[in-house]
Amino acid sequence: MAFVRRKGNAYYLVHNVRRAGKVQQLHLARLGERPRITDEVVRKVSRNHPFLDLDWSRLREQVNSRIELFDIRSPYVQNLVHALRTLNLDLADLSPLLLVLADRANSSRELVTQLRLLRSTLDVKLDQFERSEPRTSQSGRRYR
């Protein structure tokens, strides 16, 4: 049976196998600091270990229940807040003019595409927050 295991700051998808009477862990995939079982992970594990029959829906549910978003002190939430602060500072320092002048291999187009995707994701998430709790507990203001 496969399961998700944390080692250090990273999560791994592992499976126990018995060899010469001893149980050993077979590392199927590294899932990163925030575990995610993507379609790419499924394809890679299925290709590298074709004889393993894994319950992917159970594994995905196990991974999804690990993140402690409800606890503001959890390492995941703290890392997310830190990453958002860093992203805000990096975006504030970004100069579109310099990107256009230094454009090699259409890197500025890719950046603009990713920024548009980020804006769409943020709009969806802010809308979800506004529908679930229209006012913040501290200021009484809306999220926008």
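For the stretch 60-69, indicate whether the set of residues that are hydroxyl-bearing (Ser, Thr, Tyr) and more than 28 Å from ALA83 (Cα to Cα) is non-empty. Steps first, answer last, please.
Step one: of the stretch 60-69, the residues hydroxyl-bearing (Ser, Thr, Tyr) are 65.
Applying the additional criterion that residues be more than 28 Å from ALA83 (Cα to Cα) yields none.
Scanning the stretch 60-69 turns up no residue that is hydroxyl-bearing (Ser, Thr, Tyr) and more than 28 Å from ALA83 (Cα to Cα).
Residues of the stretch 15-26 include none that is part of a helix (DSSP H, G or I) and either loosely packed, with under 11 Cβ neighbours inside 10 Å or over 19 Å from the mean Cα position of the chain (by Cα) (or both).
Close contacts from the stretch 2-26, counting a first residue that is touching a residue at least 40 places away in the same chain (Cβ under 8 Å) and a second that is polar (S, T, N, Q) and not in a strand (DSSP E or B), with Cβ to Cβ under 9 Å and a gap of 6+ residues or different chains, come to PHE3/GLN62; VAL4/GLN62.
Any chance the stretch 66-73 includes a residue that's surrounded by 10 or more Cβ atoms within 10 Å (Cβ to Cβ) and at pLDDT 80 or above? No, there is no match, as no residue in the stretch 66-73 is surrounded by 10 or more Cβ atoms within 10 Å (Cβ to Cβ) and at pLDDT 80 or above.
On the given criteria, is ASN48 exposed (fewer than 12 other Cβ atoms within 10 Å of the Cβ), farther than 15 Å from MET1 by Cα, at pLDDT 90 or above and in contact with a Leu (Cβ under 8 Å, 6 or more places away or on another chain)? So ASN48 passes the test.
Just checking, how many residues over the stretch 1-14 are outside any strand (DSSP E or B) and over 23 Å from ASN79 (Cα atoms)? First the steps, then the outcome.
Looking only at the stretch 1-14, we keep the residues that are outside any strand (DSSP E or B), and these are 1, 8-9.
Applying the additional criterion that residues be over 23 Å from ASN79 (Cα atoms) yields 1.
Residues flagged as outside any strand (DSSP E or B) and over 23 Å from ASN79 (Cα atoms) within the stretch 1-14 amount to 1.
Which helices (runs of 4 or more DSSP H) does the stretch 75-144 wholly contain that include 3 or more residues that are at pLDDT 85 or above and more than 24 Å from GLY32 (Cβ to Cβ)? Full working, then the answer.
Numbers: elements: 75-93, 96-101, 107-132.
Qualifying helices (runs of 4 or more DSSP H): 107-132.
Among the conditions (1) surrounded by 11 or more Cβ atoms within 10 Å (Cβ to Cβ); (2) within 17 Å of the chain's Cα centre (by Cα); (3) outside any loop (DSSP other than H, G, I, E, B); (4) not assigned by TED's automatic domain parsing to the domain that holds LEU111, the only one that ARG36 does not satisfy is (3).
Evaluate the following for GLU61: is it surrounded by 11 or more Cβ atoms within 10 Å (Cβ to Cβ), under 29 Å from PHE129 (Cβ atoms) and touching a strand residue (DSSP E or B) at 6+ places or on another chain (Cβ under 9 Å)? In short, no.
The values are calculated or read from the model by the stated rules, or taken from the named source; none is laboratory data. Since this is a predicted model, take the numbers as computed values, not measurements. A quick note on method: Cβ atoms are made from the backbone with ideal geometry, for glycine too, and the neighbour counts reach across all protein chains shown.
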